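Take a look at the structure below.
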Amino acid sequence: MGALSPADDLLPGRYSVARSLYPYARSSDQDAPIPVRHPVVVVGGGPVGLATALDLGRRGVPVVLLDDHDGPGQGSKAICFAKRTLEICDRLGAAAPMLEQGVQWNLGKVFHDDRLLYEFNLLPEDGHAFPAFINLQQPIFETCLHDAIITAQAAGAPITLRGRNRVDAITPTQDCTTLDVMTPEGPYRIEADWLIACDGARSPLRGMLGLNFEGRVFEDNFLIADVKMKAAFPTERWFWFEPHFKSGASALLHKQPGDIWRIDFQLGWNIDRAKELDPARIRARVDAMLGPDVEYDLDWCSIYTFQCRRMDRFRHGRVIFAGDSAHQVSPFGARGANSGMQDADNLGWKLAMVIGGQAPDTLLDSYDAERIQGADENIANSTRATDFITPKSPVSRLFRDAVLSLAEHLPFARTLVNSGRLSLPCSYDGSPLNGPDHAAMPARSRPGSPCPDAPVSGGWLLRRLGEGFTLMTIEAEAPDTLTAHGLAVPRLALTATPELRARYLGDATGAVYLIRPDHHVAARWPAYEADAVTAALARALGKD
């Protein structure tokens, strides 16, 4: 195969690649007489690949990221980024510009025909650093992660970004993987102790290993139309079942930065894609929704089909899959990019500890177990939403219509309406890393769950937890540092506040929490016991 051609000017539109974030530059690896070996190679420069490289680099792990482009992809793609994703990005030093540029929202409305059925609030309680969601176009999200990488590099993080480096073949062995890489100047070869595949839903790397997805492809099509307009709609998620404007069987409206609005239309299964992507036909649908007097410009359009699938395993020896390369869900519910960011969050600290000799190789098996659990949870929720939005039988349609008719007046029926239950972080119930629990404490902070944020002295709880293990105490005594299993685990001593009591103490008078580096709870007790905490730390490191 020949060398890559020079970068083409991509399709016009606001979110086409306007600049190269990591332009092609010749590396010394291309002139080496034998393949240079790297501790970690990440393939794919999307949100998950960038976050994985950033996390590893901040932990001191040398990492090379290869991407076949040299900057963000086209189109707004993912736009809804959840609170948990923002918390992860905050730990990585990337959240502030996302929050500044993103459209923040907690509220949504559900309509049937022209009737408002009900409203909902995804974050009704106070005391959180971040909103339930921000809407931010994926290219901007990726740019924020890239900028955080530049900052980390300046501080000494060993991260290398190589644009227009396309992986054409991989050869895994017991102790490394060989990669054949193509550049505008021709091919070269490198080796990786660990290869992280973040190369998207079509994942060439997955194909090179002969691995497949398993799951469902739903017989329906949806049109995305991003339009630029001045509109007085509030910053909320609006969803219509059988909308009165007759532009599709369902519709969705979301606000994005820069006066861009995301509109989704359900088209049905047997469609002519080329016909539906005709700008005149798209405009007819948008006009029917917004009214003939609203002025707008079409910014980006695409048609997609629901798919809910995953790989059988995410770890294959020293090759690990993350994000869309490992699992796919339908866009309704904003579970794709958000679950991929949780993959990166779960993997980074584990791989860093394995490479650093602080944990056995088997710790990475827990990545497989925990993130498959997360993928299955997302697939189940996404499948239920898809089946509700697009009933597949007369009986399911009868049920859906009955629920919608009741939801306007009866609150119990609203819990059955499913317009895409929005992304929540996975609690790793049953994880092999989980230690003891204490029943008097709230279920929301049980072992395996992500730590709920809360205001504390000095700022926000999650920002005080750091990037390693933490021994958090609330109204309880413990050593300032726990030294065990080659780690020095610092103590974070807190005084009970109303938020901490509601989220961590419950009916207990005191609490001791062992917190993982990804800010999931490893174990908890009513009081400190050295042997119990040391044993729980061993378990969380995969040594038990």
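Coordinate-derived values only; no laboratory data. Note that this is a predicted model, so its numbers are computed, not measured. Here the Cβ positions follow ideal geometry from the backbone for every residue, glycine too, while neighbour counts run over all protein chains shown.
Cβ crowding within 10 Å, taken as a proxy for footprinting-reagent exposure, orders 395, 489 from fewest neighbours to most as 395, 489. Straight-line reach from residue 392: taking Cα to Cα under 12 Å and skipping same-chain neighbours fewer than 8 places apart, the aspartates and glutamates in range are 219, 220.
The shape of the range 63-209 can be summarised by an equivalent ellipsoid whose semi-axes, obtained from the alpha carbon gyration tensor, come to 37, 19, 14 Å from longest to shortest.
If you take the alpha carbon atoms of the chain and fit the smallest convex hull around them, that volume is 159 Å³ per residue.
Just want the ordering: 308, 198, 80, 301, from fewest to most Cβ atoms lying within 10 Å of their own Cβ. Write out the running numbers ahead of the final one.
Numbers: 308 24, 198 31, 80 27, 301 19.
Fewest-to-most ranking of 308, 198, 80, 301: 301, 308, 80, 198.
What separates the Cα centres of the range 508-544 and the range 132-164 is a distance of 32 Å. For residue 493, nonlocal amide neighbours, meaning residues 5 or more places apart or on other chains whose placed amide H falls under 5 Å from its own, are 473.
Between residue 485 and residue 408, the modelled labels are 5.7 nm apart [label points 7 Å from Cα along Cα→Cβ]. For the pair residue 361 and residue 475, label points projected 7 Å from Cα toward Cβ lie 4.8 nm apart.
Any idea what log10 I(q)/I(0) is at q = 0.14, 0.15, 0.20, 0.23 Å⁻¹ for the range 185-270, Debye with uniform C-alpha scatterers and no solvent? At q = 0.14, 0.15, 0.20, 0.23 Å⁻¹ the computed log10 ratios are -0.76, -0.80, -0.98, -1.14.
Write down Rg/Rh for the range 358-399, rounded to two decimals, with Rg from the C-alpha atoms and Rh from the Kirkwood relation over Cα pairs. List each step's numbers first, then the result.
Details: Rg = 17.4 Å, Rh = 12.6 Å.
With Rg and the Kirkwood Rh in hand, the quotient comes to 1.38.
Overall, the chain carries a charge dipole of about 380 debye about its Cα centre when +1 sits on the Cβ of Lys and Arg and -1 on the Cβ of Asp and Glu, all other atoms neutral.
Can you give me the Cα centroid spacing of the range 424-445 and the range 463-499 in angstrom? With the range 424-445 and the range 463-499 each reduced to a Cα centre, they are spaced 18 Å. With R₀ set to 30 Å, the beta-carbon distance separating residue 495 from residue 440 gives a calculated FRET efficiency near 0.95.
Treat the count of other C-beta atoms within 10 Å as a stand-in for reagent exposure and order 146, 254 from fewest to most.
Ranking 146, 254 by Cβ neighbours within 10 Å, fewest first, gives 146, 254.
The peptide list 23-32, 125-134, put in order of mean Cβ contacts within 10 Å with the highest first, becomes 125-134, 23-32.
Along the range 184-192 the Karplus relation, 6.51 cos²θ - 1.76 cosθ + 1.60 evaluated at θ = phi - 60°, assigns HN-Hα couplings of x, 9, x, x, 8, 9, 9, 10, 10 Hz to successive residues, with x for each Gly and Pro.
In the chain, helical runs assigned H by DSSP with n ≥ 4 each contribute -39500 (n - 2.57); averaged across all residues and rounded to the nearest 500, the mean residue ellipticity at 222 nm is -8000 deg cm²/dmol.
Applying 1/(1 + (r/R0)^6) with R0 = 56 Å to the Cβ-Cβ distance of residue 107 and residue 36 gives a FRET efficiency near 0.60. Each principal axis of the range 355-484 carries a Cα extent, and these read 62, 37, 27 Å when sorted largest first. By the rule of a C-alpha distance below 18 Å, with chain neighbours fewer than 8 residues away ignored, the lysines paired with residue 255 are 77, 83, 109, 228, 230. Principal axis extents of the C-alpha atoms in the range 237-300 (largest first, rounded to whole Å): 34, 24, 21. Put simply, when 517-529, 199-211, 48-60 are sorted by average Cβ atoms within 10 angstrom per residue, most first, you get 48-60, 517-529, 199-211.
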